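This report refers to the structure that appears directly beneath it.
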Amino acid sequence: YRLLQKPIPDELFVSNITTAETVVTQTTPVALIRPLLDGEESSYFEWLGAGALEVRSMAGAMHQTERQVLVTQLRFGFDDASLYLRIDATRPFRELHSEGLSLQVTFLTPRGARVRLAHPGAAAFLREGDQWLQERREDVRVAVGSIVELAVPLSWLGAEAGGELTFFVTMCDAAGVELERHPVSRPVRLHVPDAQFAARNWTA
């Protein structure tokens, strides 16, 4: 694909090979959240109830390199209208962005969509065939500080209550070359909260 100067289909990054060595530590959301998007860990409680993916525990022997992985954790959750993402790293994201590094969140289902986070803001794209068409989206909100916090409208993603939502996060250098991808072999898989979400996750 690179020789043909065409974009690599995202589906090719999803491995169909299973190994016993790779351990995925992912928890799913158990409550609706409404975090303050300021790029800082303002309160322990604002992400309480969110799901999480511990990045450091995911790399198998085939994916280990001498280079230190920058992203350390993904957190994700919902309110009635949006998917929220929080991305933590080994260094403050404001420093990484000032050095030209960028983040990209690519959604595979329910339809191809992408949010690119580079200094100073975010750009949104929808996939049509092998093309990514940029859209102006004022309702895609992002805050970059010590951490990255992002809100993406479920309606733009085409996500319906109870439906599946899959995505992965990549870190790219100043030239747009991918440095790391999380998860490594399979996307994060979530189900959009439905009317029974609170009852299923209720605890005394």
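Values quoted throughout were computed directly from the atomic coordinates according to the rules given, and no laboratory measurement underlies them. In this text the structure is predicted, and so the values were computed from the model without any measurement.
Here are the numbers for the structure shown:
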{"item": "Reciprocal mean inverse distance between Cα atoms of region 72-122 - Kirkwood radius, Å", "result": "12.4 Å"}
{"item": "Percentage, to the nearest whole number, of Cα pairs in region 110-149 over 14 Å apart", "result": "48 percent"}
